[in-house]
Amino acid sequence: MKVNPAGDCIWEIPPSEKAGMLVPARIYASETLLGQMDQGVFEQVTNVACLPGIVRAALCMPDGHWGYGFPIGGVAAFRADTGVISPGGIGFDINCGMRLLRTHLTEDDVRPRLAELVEALFRAVPCGVGARGFVRLTASAFRDVMREGAGWCVRHGYGWPEDLECTEGHGCLPGADPEHVSERALERGLQQLGTLGSGNHYLEIQVARPDGIHDAKVAGVLGVERPGQIFVMLHCGSRGFGHQVGTDYLRTFDAAMRRHGITVRDRELACAPFRSAEGQAYFAAMNAAANTAFANRQVITHRVREVMSAVFAKDPHELGLSVVYDVCHNTAKLERHRVDGEVLDLVVHRKGATRAFGPGMPDVPAVYRAVGQPVIIGGSMETGSALLVGTAHAMAETFGSTAHGAGRTMSRHQAKRRVWGTKLLEDMAGRGIVVRAASKSGVAEEAGFAYKDLRAVVDVLDRIGISHKVVSFTPIGNIKG
Amino acid sequence: MGRYHFVEGIALADCAIDVEGADLPDLFETAALALADVMVDPATVPTTTRRTITLDAAELDLLLYDWLSELIFRKDRDAEVYTRAKVAIDGGGPFRLVADVEGGVLDPARTELRSDAKAVTFHQFALERAHGGWRARIVIDI
């Protein structure tokens, strides 16, 4: 398959490379990162380019790797009037996403109590297989969560009104309808609000050290104000509820494709016209799942505030424990973009990719509107994470989208063969990173060497201009499922 | 008892499994154990729970998809993981599965936890006859 250079850190696979491609596939990567992408990425991004109604190009971000259906790091926009929606372009963990909290604390404040803090957070935020949350919900209340998202949590005392201002879509995507959610999905998620999950999900204590500040002016706007400032980052999604919504509709779409006369190159790309009954039902259920993910991160935020307040004997307001931003990874959103001079309503799928709206966009919180939407890029627990902002160029180039993480370079089993979880925990402790995990093997799977170099990913984003790098964070404490 | 092994280099963040069985029930039973092995160390799950599961599907591969999806569903709804299954499959399409499963409630104090399976994907999903028996490829979203 020909992968042609198409600009600085931009590569393109022309439609002539695979029968059925309607648009080119466009990959954003340095030569090194491109070389680290597996063949699955090229197969999958060109499969996406074959889906009905796709416009401009099927995109893959620099953290891209072989996923199921879409590549991880995949972005594709489909015409809302004639295009499709595909659960495989969103993923089962609907609105898996990142939330970043700032504090007034510094590393000097936290270091002496770090082990105690990590242990307390581990106990307060259930994680791992089969974990149950502390919020007891009736079925009726859970349906309210689906409709209201993070707003339900704030209304019930699990957050502050200002948290919603700094959450993508104010923590509630429109169009959520529990009527399109199965009883099984409801039963599966009912007891999981406030749980972290496992795999690459985490809750992390991080430091913004002076050498990690790339743009002090923008960092100041985002509330990065002092050397050694402590931040709390969390990565999790819609838990079993979202997973079941994805499972239910994958089965529905698998059958519906025959009725709609659609064929796909990978069964996981099962899709239906966005305006069809099946497409609209999935969109309503997907938004319900996205809203429960916002609620999940909001409840965990509440627990973090409780724990840090207890450990440091201060009110959470005194600790300055406010939300920097909360951003989705796995969604399809109805957005308006300009394509070849025409303004179109598009269903923008981002799978393992982040929205990155530029300065001046109405959907960016007023406090950040001058600098662009905050973009939170989660790295590995060993190597750190990054805060960027969206750009005007992203609006033109990638439907206002960017990467979501470092991206894996090896499988979970390969990682486990290279290191024992216990040994990795000891090594990290020696480097000043305290980890508490529900699964030792899960720790090994998430070792830093299993991922690409986050700095290289962030540098490419900045170089292409689809995001602007602001801060790099160093991890010092991690809770992992 | 059939065999399974984890396949490298497919869907890097997830878990691909190749399963072989002497016959269909054997394959379904082996796939259930493989799924449990993804989520926990099966040897650390006490056998305290017995359930009967009945499923219907129009196609055999969809029956396998629904079977594993059901086990994942119960892991979240009931916090139960099953490490043994006795499966019977009837019909020539549609197909009916009746399974007696054994396992226990997840208890982090006793059970070695591994990865939380989110869903069965259709990526490279296949169930076919091979070498006088059956084989399947399954990619589990982690």
Given (1) hydrophobic (A, V, I, L, M, F, W, C); (2) facing chain A (nearest Cβ under 7 Å); (3) under 22 Å from A:Glu446 (Cβ atoms); (4) touching a Leu at 6+ places or on another chain (Cβ under 8 Å), number of the condition B:Val139 does not satisfy: (4)
Against the condition more than 26 Å from A:Arg455 (Cβ to Cβ) and of a type in the set (Phe, Trp, Tyr), how does A:Phe312 come out, does it pass? yes
Looking for something over 24 Å from the mean Cα position of the chain (by Cα) and in a loop (DSSP other than H, G, I, E, B) - is there at least one such residue anywhere in the stretch A:251-258? no
Between a first residue in the stretch A:215-232 that is within 21 Å of A:Ile433 (Cβ to Cβ) and a second residue that is in a loop (DSSP other than H, G, I, E, B) and small (Gly, Ala, Ser), which pairs have beta carbons less than 9 Å apart while being 6 or more apart in sequence or on different chains? A:Gln229/A:Gly223
Every residue from the stretch A:122-134 that is hydrophobic (A, V, I, L, M, F, W, C) and either surrounded by fewer than 22 Cβ atoms within 10 Å (Cβ to Cβ) or more than 16 Å from A:Tyr158 (Cα to Cα) (or both): A:Phe122, A:Ala124, A:Cys127, A:Val129, A:Ala131, A:Phe134
Among (1) within 30 Å of A:Leu319 (Cβ to Cβ); (2) surrounded by fewer than 24 Cβ atoms within 10 Å (Cβ to Cβ); (3) within 14 Å of chain B (Cβ to nearest Cβ), A:Ala255 falls short only on (1)
Which of the residues belonging to the stretch B:1-32 are free of Cβ contacts under 8 Å to residues at least 40 places away in the same chain and within 11 Å of another protein chain (Cβ to nearest Cβ)? B:His5, B:Phe6, B:Glu8, B:Gly9, B:Leu12
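May I ask you to verify whether A:Thr391 is buried (at least 20 other Cβ atoms within 10 Å of the Cβ), of a type in the set (Ser, Thr, Tyr) and in contact with a strand residue (DSSP E or B) (Cβ under 9 Å, 6 or more places away or on another chain)?
Criteria met by A:Thr391.
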State all residues of the stretch A:168-211 that are on the phi > 0 side of the Ramachandran plot and without any contact (Cβ under 8 Å) to a residue 60 or more places away in the chain; if no residue qualifies, say none. A:His170
Residues satisfying the stated conditions in the stretch A:224-250, i.e. part of a loop (DSSP other than H, G, I, E, B) and of a type in the set (A, V, I, L, M, F, W, C): A:Val224
Just to check your reading of the model, which residue among B:Ala79, B:Ala36 is surrounded by fewer than 20 Cβ atoms within 10 Å (Cβ to Cβ) and of a type outside the set (Asp, Glu)? B:Ala79
Please determine, by comparing only the residues of the stretch A:205-223 that are of a type in the set (D, E, K, R) and not in a helix (DSSP H, G or I), which one is surrounded by the fewest Cβ atoms within 10 Å (Cβ to Cβ). A:Arg209
Among the residues of the stretch A:112-149, how many are in contact (Cβ under 8 Å) with a residue 60 or more places away in the chain, β-branched (Val, Ile, Thr) and assigned to a loop (DSSP other than H, G, I, E, B)? 3
Across the stretch B:1-15, which residue is modelled with the highest pLDDT among those that are of a type in the set (A, V, I, L, M) and either buried (at least 17 other Cβ atoms within 10 Å of the Cβ) or under 16 Å from A:Tyr451 (Cβ atoms) (or both)? B:Val7
Within the stretch B:87-94, is there a residue that is surrounded by 21 or more Cβ atoms within 10 Å (Cβ to Cβ) and either touching a Cys at 6+ places or on another chain (Cβ under 9 Å) or within 12 Å of chain A (Cβ to nearest Cβ) (or both)? no
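Which one is surrounded by the most Cβ atoms within 10 Å (Cβ to Cβ) among residues in the stretch B:96-122 that are aliphatic (A, V, I, L, M) and either more than 21 Å from B:Val45 (Cα to Cα) or at the interface with chain A (Cβ under 7 Å from one of its Cβ atoms) (or both)?
Applying the filter and picking the extreme gives B:Ala119.
Looking only at the stretch A:367-383, which residues are within 30 Å of A:Lys423 (Cβ to Cβ), surrounded by fewer than 24 Cβ atoms within 10 Å (Cβ to Cβ) and of a type in the set (Gly, Ala, Ser)?
A:Ser380
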Of everything in the stretch A:124-148, what is more than 14 Å from every other protein chain (Cβ to nearest Cβ), small (Gly, Ala, Ser) and more than 19 Å from A:Arg305 (Cβ to Cβ)? Give them in sequence order. A:Ser140, A:Ala141
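The rows are residues; the columns are (1) facing another protein chain (nearest Cβ under 10 Å); (2) surrounded by fewer than 20 Cβ atoms within 10 Å (Cβ to Cβ); (3) modelled with pLDDT of 90 or more.
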residue	(1), (2), (3)
A:Arg418	no, yes, yes
A:Thr422	no, yes, yes
A:Glu426	no, yes, yes
A:Val443	no, no, yes
A:Ala450	yes, no, yes
A:Val458	no, no, yes
A:Leu461	no, no, yes
A:Ser472	no, no, yes
A:Gly477	no, no, yes
Checking the structure you have, find out if any residue of the stretch A:16-26 is within 14 Å of another protein chain (Cβ to nearest Cβ) and crowded, with 20+ Cβ neighbours inside 10 Å. no
Within the stretch A:287-306, how many residues turn out to be crowded, with 21+ Cβ neighbours inside 10 Å and either within 14 Å of another protein chain (Cβ to nearest Cβ) or over 24 Å from the mean Cα position of the chain (by Cα) (or both)? 4
Hits in the stretch B:39-64 - residues which are farther than 18 Å from B:Leu27 by Cα, assigned to a helix (DSSP H, G or I) and away from chain A (no Cβ under 11 Å): B:Ala43, B:Thr44
Cβ-Cβ under 9 Å, sequence separation 6+ or interchain: first residue in the stretch A:79-101 and under 18 Å from A:Arg56 (Cα atoms) and away from chain B (no Cβ under 14 Å), partner in a helix (DSSP H, G or I) and among the charged types (D, E, K, R). Which pairs? A:Ile85/A:Glu278
Test A:Arg265 against the stated conditions and say whether it is in a loop (DSSP other than H, G, I, E, B), more than 14 Å from chain B (Cβ to nearest Cβ) and over 30 Å from A:Leu387 (Cβ atoms). no
Which residues, counting only those in the stretch B:59-93, are more than 30 Å from B:Asp107 (Cα to Cα) and at pLDDT 95 or above? B:Glu59, B:Leu60, B:Asp61, B:Leu62, B:Ile89, B:Asp90
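When the stretch A:179-201 is examined, which residues are found to be farther than 11 Å from A:Val245 by Cβ and more than 10 Å from chain B (Cβ to nearest Cβ)?
Result: A:Glu179, A:Glu183, A:Leu193, A:Gly194.
Hey, among the residues in the stretch A:202-242 that are of a type in the set (D, E, K, R) and within 18 Å of the chain's Cα centre (by Cα), which one's farthest from the other protein chains (Cβ to nearest Cβ)?
A:Glu204
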Can you name every residue in the stretch B:67-86 that is away from chain A (no Cβ under 12 Å) and small (Gly, Ala, Ser)? B:Ala85
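The values are calculated or read from the model by the stated rules, or taken from the named source; none is laboratory data. Predicted model only: the values in this text are computed from it and were never measured. Cβ: placed from backbone, ideal geometry, glycine included. Neighbour counts: every protein chain shown.
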